[in-house]
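Rule-based calculations on the coordinates, nothing more; no lab input. Predicted, not measured: the structure shown is a model, and the values here were computed from it. Cβ: placed from backbone, ideal geometry, glycine included. Neighbour counts: every protein chain shown.
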Amino acid sequence: MKFTILTLGSAIAATNAAVLGERAASAVVGKPEGFASGATGGGGAACQVPSSTSQLKTWLSDSTARCIILDKEFNFKGTEGTVTETGCRPASNKCPGNGGQDAINHASWCTNGNAGAGSINIQVTYDKAGVSGLTVGSNKSIIGSGSKGVLRGKGLRIANGAKNVIIQNIHITDLNPQYIWGGDAITVDGSDLVWVDHCKVSLIGRQMFVAGNGASNRVTLSNNEFDGRSSWSATCDGRHYWGIYLTGSQDLITMKNNYIHHTSGRSPKIGGNSLVHAVNNMFHDNTGHAFDNDKGGMVVAEGNVFQNVKTPLLTNAGQFFGSPSTSANAVCSASLGHACQLNAFGSSGSLGGTDTGFMSNFQGKSIASASTANAGSIQNAAGFGKI
Ligand SMILES: *[C@@H]1O[C@H](CO)[C@@H](O)[C@H](O)[C@H]1NC(C)=O
């Protein structure tokens, strides 16, 4: 009897959730946590719905504070035409025509040795809109309505001094996924106060999130789903290699409650001079590596779940604290304001990382809280169409 009542209750809850999901977005939901906690986006600007891809492009890039609601799919494919030119089949594509990823010759990548010995030139045809992101100016909130806000064929670029941007509850997808250099979903490069929350990223040619070499200052990535499933995999195994790339100078990046799955590398790669707080994320089904910490990268990883992740930390040429034991984790209190939480591992390699010399860099900054590692709560809440 009790079982029947519980079942009925959850059916009603599910119906209510579906109805709520259809409601029109009219404001940012919740508040940013961690480094970008001061982001207000468009602030009090009245929310407006763009009528076309060109109006969306204008509103994103102008110098007016705006709240922009995406209430449908904005499809940029074809809006800038297609390009056919010489690219390459890099050495990594050991399964041509059968799930591999070829490359656009961006910045001579095909010819400067990056494509590897055995790379051959081939003709590539790609959608031009995908390879450059929509310029986003300062003081913008970009919010998806229910599960309708989709950006297809073009990503977002917050650069050249743009500040105070909130991107919430949208799905960015379909940026020339068959090609390395086919496009980046979200780029920050020379910015400040960027909050990306409850978004989904899938089927991207290059990086799902990239902090370029400029100083991007305070960034929070929270509750996002990075879905690496792809029929064009640089590792020939249906998983996207080019996940999250954090190599900015002077960057402060909080990654909390993100669900990063079916990737095979760079999830994330860190370098430059980036201070990263990776807390309560779920790394799932990764056939390569999650963290790759290059020279200059400084990372505290705590309360994360690694489930079926072959190599949680590839190299540590920077400084990395992997929250190794309850006694060791007490060291976090002085700088982060809490004892670090243990990471959880299922069918995964080990993380390692016992560096602590960089922790004082967290002092005086806005630091996200940490909970016990919990796969279910992260998976259920991350992604778009859920708020
Ligand atoms: C963004 O908003 C802040 C605060 O209102 C303002 O000082 C700044 O000039 C705005 N930036 C732009 C580019 O409009």
> From Cys332, Cys340, which residue is crowded, with 21+ Cβ neighbours inside 10 Å, among the hydrophobic types (A, V, I, L, M, F, W, C) and in a helix (DSSP H, G or I)?
Replying inline: Cys332
> Out of all the residues in region 152-166, which are more than 16 Å from the ligand (Cβ to nearest atom), assigned to a strand (DSSP E or B) and under 15 Å from the mean Cα position of the chain (by Cα)?
Replying inline: Leu156
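So that you can scan it fast, the table gives a plain yes or no per residue for (1) at positive phi; (2) out of contact with any helix residue (DSSP H, G or I) (no Cβ under 9 Å at 6 or more places or on another chain); (3) assigned to a loop (DSSP other than H, G, I, E, B); (4) surrounded by 16 or more Cβ atoms within 10 Å (Cβ to Cβ):
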position	(1), (2), (3), (4)
His284	no, no, no, yes
Phe291	no, yes, no, yes
Lys295	no, yes, yes, no
Ala301	no, yes, no, yes
Thr311	no, yes, no, yes
Ser350	no, yes, yes, no
Ile367	no, no, yes, yes
Ile378	no, yes, no, yes
Lys386	no, no, yes, yes
>> Filter region 134-151 down to the residues that are touching a helix residue (DSSP H, G or I) at 6+ places or on another chain (Cβ under 7 Å) and within 12 Å of the ligand (Cβ to nearest atom) and list them by number.
In response: Val136, Gly137, Lys140
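Just checking, does region 137-144 include any residue being surrounded by fewer than 24 Cβ atoms within 10 Å (Cβ to Cβ) and either among the aliphatic types (A, V, I, L, M) or free of Cβ contacts under 8 Å to residues at least 60 places away in the same chain (or both)? It would help to see each step written out before you state the result.
Of the residues in region 137-144, the ones surrounded by fewer than 24 Cβ atoms within 10 Å (Cβ to Cβ) are 137-139.
Those left that are additionally either among the aliphatic types (A, V, I, L, M) or free of Cβ contacts under 8 Å to residues at least 60 places away in the same chain (or both): none.
No: region 137-144 contains no residue that is surrounded by fewer than 24 Cβ atoms within 10 Å (Cβ to Cβ) and either among the aliphatic types (A, V, I, L, M) or free of Cβ contacts under 8 Å to residues at least 60 places away in the same chain (or both).
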> Considering region 143-180 alone, what residues qualify as being among the small types (Gly, Ala, Ser) and more than 29 Å from Ala115 (Cβ to Cβ)?
Replying inline: Gly144, Ser145, Gly146, Ser147, Gly149, Gly161, Ala162
> When region 168-198 is examined, which residues are found to be free of Cβ contacts under 8 Å to residues at least 60 places away in the same chain, within 16 Å of the ligand (Cβ to nearest atom) and within 20 Å of Gly42 (Cβ to Cβ)?
Replying inline: Ser191, Asp192
>> I need a count of the residues in region 33-84 that are within 16 Å of the ligand (Cβ to nearest atom), in a loop (DSSP other than H, G, I, E, B) and within 21 Å of the chain's Cα centre (by Cα).
In response: 4
